[in-house]
1. What does the accessible area per residue of the chain come to in Å², with a 1.4 Å probe and no ligands, DNA or RNA counted?
2. Give me the net charge for the shell around PRO74: Cβ to Cβ below 11 angstrom, other residues only, Lys and Arg +1, Asp and Glu -1.
3. Stretched out fully, how many nm does the piece from LYS42 to LYS29 gain, at 0.36 nm a residue minus the Cα gap?
4. According to the Kirkwood expression over distinct Cα-Cα pairs, how big is the hydrodynamic radius of the range 8-67, in Å?
5. Could you sort the peptides 54-60, 75-81 by per-residue average Cβ neighbour count (10 Å cutoff), highest mean leading?
6. From Cα pairs below 8 angstrom and at least 6 apart in sequence, can you work out the relative contact order of the chain, rounded to a whole percent?
7. Ignoring ligands, DNA and RNA, what percent of the 1.4 Å accessible area of the chain is carbon and sulfur?
Amino acid sequence: MSFPRFYFVSDDDLLEILGKSREPVQIQKHIKKCFEGVQMMKLLSSGCKHLASGVVSPDGEELAFVNNITLEGPIELLFVELLKSV
């Protein structure tokens, strides 16, 4: 498995994450289940592309990425990139 943290997510949540992987806004609620201390991603839209520019903690602290992450492709690979950026 490319993203081992999926083992700790419930089956229903995992199905929703995988099923809606092309809709970043829909997977926002699952980010906190996969990354400790991360409440949500900061999203940007560039035409039909979605980008993540950083993350926000439950306390409201923001962490901007050095490079934006393009949210395309398999969700497990996107989460690996997100993990590398944090």
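The values are calculated or read from the model by the stated rules, or taken from the named source; none is laboratory data. Treat the numbers as computed from the prediction; the structure is a model and nothing was measured. Note that each Cβ is placed from the backbone with ideal geometry, even for glycine, and that neighbours are counted across all protein chains shown. Surface areas here come from the heavy atoms of the whole protein model, side chains and all, with no ligands, DNA or RNA. Shrake-Rupley method; radii C 1.70, N 1.55, O 1.52, S 1.80 Å.
1. Here the per-residue accessible area is 64 Å².
2. -2
3. Net length gain for the segment: 3.4 nm.
4. Kirkwood hydrodynamic radius for the range 8-67: 12.3 Å.
5. 75-81, 54-60
6. 24
7. 51
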